[in-house]
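Engineer: Can you read through this structure? Questions will come right after.
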Amino acid sequence: MSDYFRQYRPAKHNLFPPVVLNLIIINAILYFAKVAFMSSQRIDFDELFGLHHPFAMGFRWWQPFTHLFMHGDSGHLISNMFGCWLFGHLLENAFGPKRFILYYVVCGIGASAIFLGWETWSVWKSLQAAGYNAYDFGVFLERWNLNLIGASGALFGLIMGAALLFPNSTLPVYSILPIQLKYIALIYGIAELYRGVKMTNDGVAHFAHLGGMIFGFILIKLYNRNRTHFY
């Protein structure tokens, strides 16, 4: 842990700081609202609030933000929110609420930008190899049904941030096999890179996860350079 965070670490560590708690509540409310509206066939929350490609017909300006609060199923929601609490409460106690929510949102949006960039490049190379031209590529993007949902990119940013600030700390939930945070981040990063390259059709946005870690790394380095102005 850096000298700065050791010096300003709160005397009382809050296990459920306000931003983390509200993120969990908001995500849960939106998930149950999504299920309720879909069962009545009124509104497709994933279609409306999930992130489409910026050139696709289904794209709306709010989606880069709102997709962070959408989840595919209860397992997706529970795993992400557990991770949000597990790593997020460490960072919110260190950052404070304002800096923490900015970190969370920037990591999430940055993760989706890297994922969309990777996917767009992959599609372009595939179409080129098949003999299609730039016009065909544009038509494909306009009709692309890509829809990104979930807080996983932001979550991986939290993992990276916790590993950088508290590298030698271990997590209570790993009491059977304690693992330091720096190794948890390393394992996740290597696993997501491998899966992103090798498992391209598994329906998981592995490069969004890596993107969240990249933006988390950048933000922590920027914050350590300028500790008085992070937002």
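Derivation of every value follows stated rules applied to the coordinates shown; laboratory data play no part. Note that this is a predicted model, so its numbers are computed, not measured. We place every Cβ from the backbone using ideal geometry, glycine too, and count neighbours over all the protein chains shown.
Engineer: Where does the chain land at 222 nm, in deg cm²/dmol rounded to the nearest 500, when only DSSP H runs of n ≥ 4 count, each adding -39500 (n - 2.57), divided by all residues?
Structural biologist: On the way: 10 runs with 153 residues, N = 231.
Counting only the DSSP helices, I get -22000 deg cm²/dmol.
Engineer: What full-extension length gain, to one decimal in nm, is calculated for VAL35 and LYS182 as 0.36 nm per residue of separation minus the Cα-Cα distance?
Structural biologist: Numbers: separation 147, 0.36 × 147 = 52.92 nm, distance 3.70 nm.
Additional length available on full extension: 49.2 nm.
Engineer: In whole Å, what are the extents of the chain along the principal axes defined by its C-alpha atoms, from largest to smallest?
Structural biologist: Principal extents (Cα only, largest first): 59, 42, 39 Å.
Engineer: Taking the number of other C-beta atoms within 10 Å as the exposure measure, put GLU142, GLU92, GLU192 in order starting with the fewest. Show your work: numbers first, answer last.
Structural biologist: Numbers: GLU142 13, GLU92 26, GLU192 22.
Least crowded to most crowded, the residues run GLU142, GLU192, GLU92.
Engineer: Given an 8 Å cut-off on Cα distances and at least 6 residues of separation, report the relative contact order of the stretch 3-225 as a percent. All intermediate terms of the calculation are to be shown ahead of the outcome.
Structural biologist: On the way: 293 pairs, mean separation 55.6, N = 223.
Normalised by residue count, the contact order of the stretch 3-225 is 25 percent.
Engineer: Given points 7 Å out from each Cα along the Cα-Cβ axis, report the TYR132 to ILE43 separation in nanometres with one decimal.
Structural biologist: 3.3 nm
Engineer: If the chain between ILE25 and PHE55 were fully stretched, how many nm would it gain, using 0.36 nm times the residue separation less the Cα-Cα distance?
Structural biologist: 7.6 nm
Engineer: Quick one: order CYS84, CYS107 by neighbouring beta-carbon count within 10 Å, fewest to most. List each step's numbers first, then the result.
Structural biologist: Details: CYS84 21, CYS107 30.
Placing the least packed residue first, the sequence is CYS84, CYS107.
Engineer: Starting from the Cα of LYS98, draw a straight line to each of the lysines and keep only those under 27 Å, dropping any in the same chain fewer than 8 residues away.
Structural biologist: Partners found: LYS12, LYS182, LYS221.
Engineer: Let me ask something else about it. Roughly how big is the chain's charge dipole about its Cα centre, with Cβ charges of +1 (Lys, Arg) and -1 (Asp, Glu), in debye to the nearest 20? Walk me through the numbers on the way to the answer.
Structural biologist: Numbers: 16 positive and 11 negative charges, 171 e Å.
Here the chain has a charge dipole of around 820 debye.
Engineer: Going by C-beta contacts inside 10 Å, put VAL204, VAL20, VAL139, VAL106 in order with the fewest on the left.
Structural biologist: Working: VAL204 15, VAL20 27, VAL139 11, VAL106 18.
Ordered from fewest to most neighbouring Cβ atoms within 10 Å, VAL204, VAL20, VAL139, VAL106 come out as VAL139, VAL204, VAL106, VAL20.
Engineer: ³J(HN,Hα) across the stretch 201-213 via Karplus (A = 6.51, B = -1.76, C = 1.60, θ = phi - 60°), whole Hz, x for Gly/Pro?
Structural biologist: Values per residue, Gly and Pro as x: 10, 8, x, 10, 7, 5, 6, 5, 4, 5, x, x, 5 Hz.
Engineer: Using θ = phi - 60° and the Karplus form 6.51 cos²θ - 1.76 cosθ + 1.60, what ³J(HN,Hα) does each residue of the stretch 149-165 get, whole Hz, x for Gly and Pro?
Structural biologist: So the Karplus estimates, Gly and Pro as x, are 9, x, 9, 4, x, 5, 4, 5, x, 5, 4, 5, x, 5, 5, 6, 7 Hz.
Engineer: Taking LYS34 as the anchor, which aspartates and glutamates have their alpha carbon closer than 20 Å to its alpha carbon, excluding any fewer than eight residues away along the same chain?
Structural biologist: ASP44, ASP46, GLU47, ASP73
Engineer: Between SER122 and LYS98, what is the label-to-label distance in nm when each label sits 7 Å out along the Cα-to-Cβ direction?
Structural biologist: Between SER122 and LYS98, the label points sit 3.9 nm apart.
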